[in-house]
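Asker: Dumping the structure here so I can ask a few things about it.
The values are calculated or read from the model by the stated rules, or taken from the named source; none is laboratory data. The structure displayed is predicted, hence computed values, not measured ones. Here the Cβ positions follow ideal geometry from the backbone for every residue, glycine too, while neighbour counts run over all protein chains shown. These accessible areas exclude ligands, DNA and RNA; they are computed on the full protein's heavy atoms, side chains included. Shrake-Rupley method; radii C 1.70, N 1.55, O 1.52, S 1.80 Å.
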Amino acid sequence: MKLKYFTPFAAALLFIACGPESTDEKSRDAAGTEAQAEKGKKEDFPYLVEQFADVKVLRYRIPAWDKLPLDRKKLAYYLAEAGYSGRDIIYDQNYRHNLEIRNVLESIYTSFDGDKSSDDWGDFELYLKRFWFANGIHHHYSGDKFVPDFSEEYFDTLLASANSEISEEARKAIFDPEFDNKKVSKDGDDLIASSAVNFYSPNLKQPEVEFFYKARRTKLDPKKPVSLGINARLVKDETGRIYEDVYKADGLYGAALTEMIAWLRKAVTVAGNEQQREALELLIEYYTTGDLETWDRYNIAWVKDTAPTVDYIQGFVEVYEDPLGYSGSYESIVQVRDLDASEKMKVLADNAQYFEENSSTAP
């Protein structure tokens, strides 16, 4: 595991040192006034951006940001833009109708000039916010589908006002509480059929997928197996042929990955060190070719970089959204090291053995 001391978004802490008794009153008064001013600034900081349904969107101070050299700020920006380039991928992976639904909802939101004080419009905004936050129509944590509080009739008036339309199946996905109602299901005889995620074409059955990857696994070096299926969508065409549609520059979501690669090339020019530069170049090669051995080489290079100021997680990594555990969901996280918090956490980590030996828990 890559050991780092990071707080991606760090709250500022104020420390007031007590001086010796000989400190004159004027200095103490000045220090007190300054401390009060800083406290006031902290209290005025808008931590809560918005709250809706069961979600609170929070903003955090990042005091380390202002201390970063320009190249590290550029690196964070380029990595963030690379991540945004793949925004559509996670919507599409979460559910096959998410992109169509998002386009319709956003078209309505940006063009509607009717009554925005009504309860119906408020319910529409709430549904859209939940959709944005969850990257689709299913709850970000439970995986259950959330159904709008506005009526289908009201939705039709919004469609007409936006001069927009929606397919019958996407409409059903929004309003029918029983249709594709669970993003990931572990129940049923066929987990693909009972899950709404879009890692497999709808005409595939679970036994077909398992047989496909079992056959491929027999051809691998058992001492060095790759992560089969992690960067692909499995497809069954009209002839019955089953194949992987791989996420790569000339494959699935090629335009998005090509844009991603362009931002990563910029990131290479301002990499924090040679190890980070090597990892980024391997990530570019992986997005270009889709080769899983390159993915392994990238991860080895990435994990060796143990002390970056700006770090990231990029790609098709976690497989728990796939009920069969093959395909990785797209994700992008940019992290900025907070030096003050890092030093404090390092003390804790360096003394981990002491805390374990003196813990009040049972052996």
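Asker: Looking at segment 197-242 only, could you name the residues that are under 24 Å from Tyr298 (Cβ atoms) and among the aromatic types (Phe, Trp, Tyr)?
Answerer: Once the filter is applied, which keeps residues that are under 24 Å from Tyr298 (Cβ atoms) and among the aromatic types (Phe, Trp, Tyr), segment 197-242 yields Phe199, Tyr213.
Asker: Just a yes or no: is a residue in segment 65-72 at pLDDT 95 or above and crowded, with 16+ Cβ neighbours inside 10 Å?
Answerer: The answer is yes, given that some residue of segment 65-72 is at pLDDT 95 or above and crowded, with 16+ Cβ neighbours inside 10 Å.
Asker: Scan segment 162-180 for residues that are on the phi < 0 side of the Ramachandran plot, open to solvent by 60 Å² or more (accessible area, probe 1.4 Å) and either in contact (Cβ under 8 Å) with a residue 40 or more places away in the chain or part of a loop (DSSP other than H, G, I, E, B) (or both) and jot them down.
Answerer: Those that are on the phi < 0 side of the Ramachandran plot, open to solvent by 60 Å² or more (accessible area, probe 1.4 Å) and either in contact (Cβ under 8 Å) with a residue 40 or more places away in the chain or part of a loop (DSSP other than H, G, I, E, B) (or both): Glu165, Glu169, Pro177, Glu178.
Asker: Do you know which residues across segment 272-283 are in contact with a helix residue (DSSP H, G or I) (Cβ under 8 Å, 6 or more places away or on another chain) and open to solvent by 10 Å² or more (accessible area, probe 1.4 Å)?
Answerer: Within segment 272-283, Gly272, Gln275, Arg277, Glu278, Glu281, Leu282 qualify.
Asker: For segment 202-220, indicate whether the set of residues that are in contact with a helix residue (DSSP H, G or I) (Cβ under 6 Å, 6 or more places away or on another chain), under 25 Å from Leu292 (Cβ atoms), assigned to a helix (DSSP H, G or I) and open to solvent by 20 Å² or more (accessible area, probe 1.4 Å) is non-empty.
Answerer: Looking for residues that are in contact with a helix residue (DSSP H, G or I) (Cβ under 6 Å, 6 or more places away or on another chain), under 25 Å from Leu292 (Cβ atoms), assigned to a helix (DSSP H, G or I) and open to solvent by 20 Å² or more (accessible area, probe 1.4 Å), one finds at least one in segment 202-220, hence yes.
Asker: The conditions are (1) free of Cβ contacts under 8 Å to residues at least 40 places away in the same chain; (2) over 23 Å from Glu331 (Cα atoms); (3) open to solvent by 40 Å² or more (accessible area, probe 1.4 Å); (4) not in a loop (DSSP other than H, G, I, E, B), and Phe155 fails exactly one of them. Which is it?
Answerer: Checking Phe155 against (1) free of Cβ contacts under 8 Å to residues at least 40 places away in the same chain; (2) over 23 Å from Glu331 (Cα atoms); (3) open to solvent by 40 Å² or more (accessible area, probe 1.4 Å); (4) not in a loop (DSSP other than H, G, I, E, B), the one that fails is (3).
Asker: A further question follows. Any idea which of Leu79, Leu3, Leu14 is at pLDDT below 55, in contact with a Ser or Thr (Cβ under 9 Å, 6 or more places away or on another chain) and among the aliphatic types (A, V, I, L, M)?
Answerer: Step by step, each of Leu79, Leu3, Leu14 is checked, and only Leu3 is at pLDDT below 55, in contact with a Ser or Thr (Cβ under 9 Å, 6 or more places away or on another chain) and among the aliphatic types (A, V, I, L, M).
Asker: When the residues of segment 133-173 are filtered to those that are within 15 Å of Tyr91 (Cα to Cα) and among the aliphatic types (A, V, I, L, M), which remaining residue is nearest to the chain's Cα centre (by Cα)?
Answerer: The extreme case among them is Ala134.
Asker: If you go through segment 117-132 one residue at a time, do you hit one that is more than 20 Å from the chain's Cα centre (by Cα) and assigned to a loop (DSSP other than H, G, I, E, B)?
Answerer: The answer is yes, given that some residue of segment 117-132 is more than 20 Å from the chain's Cα centre (by Cα) and assigned to a loop (DSSP other than H, G, I, E, B).
Asker: For the subset of segment 73-126 comprising residues that are among the small types (Gly, Ala, Ser) and without any contact (Cβ under 8 Å) to a residue 24 or more places away in the chain, which member is surrounded by the fewest Cβ atoms within 10 Å (Cβ to Cβ)?
Answerer: Going through segment 73-126, the residues among the small types (Gly, Ala, Ser) turn out to be 76, 80, 82-83, 85-86, 107, 111, 114, 117-118, 122.
Right, trim to without any contact (Cβ under 8 Å) to a residue 24 or more places away in the chain and you get 117-118, 122.
On the way: Ser117: 7, Ser118: 12, Gly122: 13.
Looking at residues that are among the small types (Gly, Ala, Ser) and without any contact (Cβ under 8 Å) to a residue 24 or more places away in the chain, I get Ser117.
Asker: May I ask you to list the residues in segment 295-328 that are within 13 Å of the chain's Cα centre (by Cα) and open to solvent by less than 10 Å² (accessible area, probe 1.4 Å)?
Answerer: Result: Tyr312, Gln314, Gly315, Phe316, Gly328.
Asker: Out of curiosity, is Ile261 in a helix (DSSP H, G or I), of a type in the set (Val, Ile, Thr) and open to solvent by less than 60 Å² (accessible area, probe 1.4 Å)?
Answerer: yes
Asker: Only one of (1) assigned to a helix (DSSP H, G or I); (2) open to solvent by 40 Å² or more (accessible area, probe 1.4 Å) fails for Ser342. Which number is that?
Answerer: Checking Ser342 against (1) assigned to a helix (DSSP H, G or I); (2) open to solvent by 40 Å² or more (accessible area, probe 1.4 Å), the one that fails is (2).
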